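Some notes on the structure that comes next.
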Amino acid sequence: MNFFTLFNLLEQFDLDLKTLEQRYFELQKEFHPDRVKGKTEPERLLLVRKSADINQGYRTLKNKVSRVEHLLEIKNIFVTREQNNTYKPSQKTLMLQLEFSERIEDESEDKEKIKLEVKELLNNAFNNFNKYYIEGAFEQAASEYFLIKFLSKVGNRS
Amino acid sequence: MLLQIHEPGQTPLPHQNEEIAVGIDLGTTNSLVAYSSEEKPFCIKNDDGSEITPSILIANNGEQISSFKRLMGLGIEDYKNKLQNFGFNVDEEKSDKIIYLNFENKKITPVEASAEILKKLKHCAEKHFEKTVNKAVITVPAYFNDAQRQATKDAAKLAGLQVLRLINEPTAAALAYGLDKGSEGTYAVFDLGGGTFDVSILSMQMGVFKVIATGGDSLLGGDDYDNEIVKHLKELGIRNQKLDFSDLRKLAKEIKESLTEKEEVCINSSLQALAKQSILTSETNSTMDCFVAEAPRNDTIDFTRSKFYELTNHLTQKTIKIFEEVLTQADIEVEDLQGVVMVGGSTRMPVIREAVEKFTGKKPLTDINPDTVVALGAAIQAETLTRGTNNLLLDVTPLSLGLETYGGLMEVLISRNTAIPASHSQKFTTYEDGQTAMKIQVLQGEREFAKDCRSLALFNLIGIPPMPAGTAIIEVTLMLDADGILSVRAKEETTGKEQIVEVKPNYGLTSEEMEKMLVSSMEQARDDITKRLLQEARVEADLNIKNLKKALEVDGELIPDEYQNYLENQIKKLQNTMRSENREEIEAGIFALNKAAHEFADMRVSKAFSKYVGGKKVSEV
């Protein structure tokens, strides 16, 4: 399912969270089980699944990392652990991974400083992803995904 | 203020033919029933003229059981681990996956005990409206797991109530509070009841109440504060042969409540106060002198608020710690909260209010009655579900749901604080040649190892076609409905054979036990039950026919004439079957009709959806 279609949004990384939420509420006001009256039993069951899909769509698009995964998925590029066996992180990402795991272990490092650095790198990665995606350079976009995935993990940990 | 008290005769009565749907707060200590019309909810009084009905069963011989909500959906192991000090009269021999209490020379389950309370409330509402009431929205602690929710639904069934929806207590409170105050923004609801603690973070805006995160402890409440006092009294040497545990609990409660207003109480006077209210039996009353004489000091013991703080500080800190964790999960800073709504009788304790204020830096919102607000919210939701309002509740599941994987690990499929309804599919394959069955264990909880999580269901998937290892692919779908209750579907991909797995709860009543209880709860002949069930099946058949007819009227042109004729024939068939005296035949007829109408339903839903997503078939989106 293409959640951008479901929420009537452009297939791109940049997205207005207010609009997303507004569309989410509109859809749920129509399809949430609480709002559905006088339906036949099979319709009711279908609608519960729809409501679950709408919830999943909202969650997927709201979070930047899962939004990136979904953008790739709708181009038939599967990067998540369960589905992927084609795409690999770049050498640059692997080096960064090594560097940060050492620095996080290091007692003398200023953790706040690392946090800020990671934040900036992550913002850059999102920007790059966005650029590649719009250009249709999906391979590069996929490569950028691994960097995003790693940096957001570090960001949550520190 | 939302809460309106109506004089008899002035109550806005529902329309003549409308079915009444009430909101019920089924609490650990107290329960309430409320009704809402045009978003103006009010509580219905019981026979004693009170809005509050104690969740206590009293036998003819004076024997009582209370706080049984704490045992809902639990097995004997849970009881032994956590609740053994609560003075429940549990039959440990008979109890296993469900607990049996000794009461009035009988064995009674917490589900049956709760059903008795629900019956009382149903009766209050029926007396008020002078007509049958059989639909309700019932509130549960947000932190209730699947077994606890299922147990609540079972209790309602025994009481003859159809549950329109289970909603979470803090969410119900937010609904009533938000509509009343016109609040917009991000709020926390801090709900400390007699036996449960919940905290939820919600965003409220223009009729949409969206829960961002929820957490709590289904075994933490005001009762625990009482128990700390009881423990202390025992340590002081206050015990008396004739003063049993429940008397001590009453005394502790009295002390706790007095300390809400006073800085200090002396136990002697509170005992007298108890005697005056004739809470203590005359027998224990006469032993009071000796009770006091056994106390270390001459006649009284002073009990100060600061002593109470000291004894219960670990409990209060626990609530604040949970509050902090829920904020983290919601990704909300404490400064971003517009306010904290206090719910549940135990939030009257100054110790709680002070701790919340210290943590949030804001005065907690206490200008609503914490006892009634949950029931009022449930009533509003009952109105939404029956007559329709503009409100929408978007709630989350409090606990992660997953499957046991190789090595006894828990693999999360639906993580906690996911909006419900929610579904997730996972593919599995066979690991042996010719394997035709597969064991699947569904778990709920946040721990890494399966053994530390709650096992919801263990089932055997059978009928897999024999194939080489790794070639059969089975897709398992977990679905949480809007009540937070689980269902499981499994599909074998190569044959496309789908089976709906009926999840037998590991904890709780089996359908046979349920039926048996239903029969005994009716106090009528089995014949009447059969009649009631037959009548219910007919009503359901009628409803299904009505809805399908209406759908055909509106959208008949969506399908070819042959299909339409076929459906009309199916309707006629069920109309004939309905006259049968055989319930199972009617139920099979309903099933057949719904199966026949499935494709039509798909088209109708697609049509509704196309308004939003530009004319694609549902399954293609």
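The values are calculated or read from the model by the stated rules, or taken from the named source; none is laboratory data. Bear in mind the structure is a predicted one, so any value in this text is a computation, not a measurement. Positions of Cβ are generated from backbone atoms using ideal geometry, with glycine treated the same way; all protein chains shown enter the neighbour counts. Ligands, DNA and RNA are excluded from the accessible area calculation, which covers all protein heavy atoms including side chains. Shrake-Rupley method; radii C 1.70, N 1.55, O 1.52, S 1.80 Å.
What's the number of the condition B:TYR406 fails, among (1) more than 19 Å from B:ALA173 (Cα to Cα); (2) open to solvent by less than 60 Å² (accessible area, probe 1.4 Å)?
Failed condition: (2).
Is it the case that B:PHE449 is out of contact with any Gly (no Cβ under 9 Å at 6 or more places or on another chain), open to solvent by 10 Å² or more (accessible area, probe 1.4 Å) and not small (Gly, Ala, Ser)?
no
Would you confirm whether or not segment A:73-90 contains a residue that is touching a residue at least 40 places away in the same chain (Cβ under 8 Å), closer than 26 Å to A:ASP14 by Cα and in a helix (DSSP H, G or I)?
no
Output the residue which, of all residues in segment B:76-86 that are buried (at least 18 other Cβ atoms within 10 Å of the Cβ) and touching a helix residue (DSSP H, G or I) at 6+ places or on another chain (Cβ under 8 Å), is modelled with the lowest pLDDT.
Filtering segment B:76-86 for residues that are buried (at least 18 other Cβ atoms within 10 Å of the Cβ) and touching a helix residue (DSSP H, G or I) at 6+ places or on another chain (Cβ under 8 Å), the one modelled with the lowest pLDDT comes out as B:PHE86.
So A:LEU47 ticks every box in (1) in a helix (DSSP H, G or I); (2) in contact with a helix residue (DSSP H, G or I) (Cβ under 8 Å, 6 or more places away or on another chain); (3) modelled with pLDDT of 90 or more; (4) among the hydrophobic types (A, V, I, L, M, F, W, C) but one. Which box is left unticked?
The single condition A:LEU47 does not satisfy is (3).
If I filter segment B:140-155 down to residues being among the charged types (D, E, K, R) and modelled with pLDDT of 90 or more, which single residue comes out as most open to solvent (accessible area, probe 1.4 Å)?
Of everything passing the filter in segment B:140-155, B:LYS153 is most open to solvent (accessible area, probe 1.4 Å).
Looking at segment B:461-476, which of the residues that are open to solvent by less than 10 Å² (accessible area, probe 1.4 Å) and either within 14 Å of another protein chain (Cβ to nearest Cβ) or not in a loop (DSSP other than H, G, I, E, B) (or both) is modelled with the lowest pLDDT?
Ranking the candidates gives B:LEU461 first.
For the structure I just gave you, tell me whether B:SER95 is modelled with pLDDT under 85, among the small types (Gly, Ala, Ser) and touching a helix residue (DSSP H, G or I) at 6+ places or on another chain (Cβ under 7 Å).
For B:SER95, the condition - modelled with pLDDT under 85, among the small types (Gly, Ala, Ser) and touching a helix residue (DSSP H, G or I) at 6+ places or on another chain (Cβ under 7 Å) - is met.
Name the single residue, out of those in segment B:590-612 being open to solvent by 30 Å² or more (accessible area, probe 1.4 Å) and of a type in the set (A, V, I, L, M, F, W, C), that is nearest to the other protein chains (Cβ to nearest Cβ).
This residue is B:ALA608.
Go over the candidates B:GLU404, B:GLU411, B:GLU383 one by one and state the one that is in a strand (DSSP E or B) and within 14 Å of chain A (Cβ to nearest Cβ).
B:GLU411 is the lone residue from the list that is in a strand (DSSP E or B) and within 14 Å of chain A (Cβ to nearest Cβ).
In segment B:156-166, how many are open to solvent by 10 Å² or more (accessible area, probe 1.4 Å) and either within 22 Å of B:LYS40 (Cβ to Cβ) or within 14 Å of chain A (Cβ to nearest Cβ) (or both)?
So the count comes out to 3.
Using beta carbons and a limit of 8 Å, which pairs, at least six apart or on different chains, have the first residue in segment B:222-233 and without any contact (Cβ under 8 Å) to a residue 40 or more places away in the chain and closer than 8 Å to B:LEU311 by Cβ and the second one open to solvent by 10 Å² or more (accessible area, probe 1.4 Å) and among the β-branched types (Val, Ile, Thr)?
none
Restricting attention to segment A:1-17, and to residues there that are part of a helix (DSSP H, G or I), in contact (Cβ under 8 Å) with a residue 24 or more places away in the chain and within 11 Å of chain B (Cβ to nearest Cβ), which single residue is surrounded by the fewest Cβ atoms within 10 Å (Cβ to Cβ)?
Within segment A:1-17, the match that is surrounded by the fewest Cβ atoms within 10 Å (Cβ to Cβ) is A:PHE4.
Could you tell me whether segment A:95-107 includes any residue that is among the polar types (S, T, N, Q), touching a residue at least 12 places away in the same chain (Cβ under 8 Å), buried (at least 17 other Cβ atoms within 10 Å of the Cβ) and within 12 Å of chain B (Cβ to nearest Cβ)?
No, there is no match, as no residue in segment A:95-107 is among the polar types (S, T, N, Q), touching a residue at least 12 places away in the same chain (Cβ under 8 Å), buried (at least 17 other Cβ atoms within 10 Å of the Cβ) and within 12 Å of chain B (Cβ to nearest Cβ).
Among the residues of segment B:539-551 satisfying the criterion of being free of Cβ contacts under 8 Å to residues at least 40 places away in the same chain and within 11 Å of chain A (Cβ to nearest Cβ), which is surrounded by the most Cβ atoms within 10 Å (Cβ to Cβ)?
B:ASN547
Working only within segment B:414-434, note down all residues that are more than 18 Å from the chain's Cα centre (by Cα) and open to solvent by 20 Å² or more (accessible area, probe 1.4 Å).
B:SER415, B:SER423, B:HIS424, B:SER425, B:GLN426, B:LYS427, B:PHE428, B:THR429, B:TYR431, B:GLU432, B:ASP433, B:GLY434 - these are the residues of segment B:414-434 that are more than 18 Å from the chain's Cα centre (by Cα) and open to solvent by 20 Å² or more (accessible area, probe 1.4 Å).
May I ask you to say which residue of A:LEU20, A:LEU72 is at pLDDT 90 or above, under 27 Å from B:VAL412 (Cα atoms) and within 14 Å of chain B (Cβ to nearest Cβ)?
A:LEU20
Hey, does segment B:123-133 have a residue that's open to solvent by 30 Å² or more (accessible area, probe 1.4 Å), polar (S, T, N, Q) and touching a strand residue (DSSP E or B) at 6+ places or on another chain (Cβ under 9 Å)?
For segment B:123-133, residues open to solvent by 30 Å² or more (accessible area, probe 1.4 Å), polar (S, T, N, Q) and touching a strand residue (DSSP E or B) at 6+ places or on another chain (Cβ under 9 Å): present.
For segment B:325-370, give me the residue count where each residue is assigned to a helix (DSSP H, G or I) and not charged (D, E, K, R).
Looking only at that region, the number is 16.
How many residues does segment B:135-157 contain that are more than 17 Å from B:SER114 (Cβ to Cβ) and not charged (D, E, K, R)?
Result for segment B:135-157: 2.
Please specify each residue of segment B:570-589 satisfying the condition of being open to solvent by 90 Å² or more (accessible area, probe 1.4 Å) and either in contact with a strand residue (DSSP E or B) (Cβ under 7 Å, 6 or more places away or on another chain) or over 17 Å from B:GLU536 (Cα atoms) (or both).
Passing the criteria: B:LYS572, B:LYS573.
Restricting to segment A:46-65, name every residue that is among the aliphatic types (A, V, I, L, M), more than 7 Å from every other protein chain (Cβ to nearest Cβ) and buried (at least 18 other Cβ atoms within 10 Å of the Cβ).
Those that are among the aliphatic types (A, V, I, L, M), more than 7 Å from every other protein chain (Cβ to nearest Cβ) and buried (at least 18 other Cβ atoms within 10 Å of the Cβ): A:ILE54, A:LEU61.
In segment B:552-569, what residues are surrounded by 14 or more Cβ atoms within 10 Å (Cβ to Cβ), away from chain A (no Cβ under 12 Å) and either modelled with pLDDT of 90 or more or not in a helix (DSSP H, G or I) (or both)?
Answer for segment B:552-569, where residues must be surrounded by 14 or more Cβ atoms within 10 Å (Cβ to Cβ), away from chain A (no Cβ under 12 Å) and either modelled with pLDDT of 90 or more or not in a helix (DSSP H, G or I) (or both): B:ILE559, B:TYR563, B:GLN564, B:TYR566, B:GLU568.
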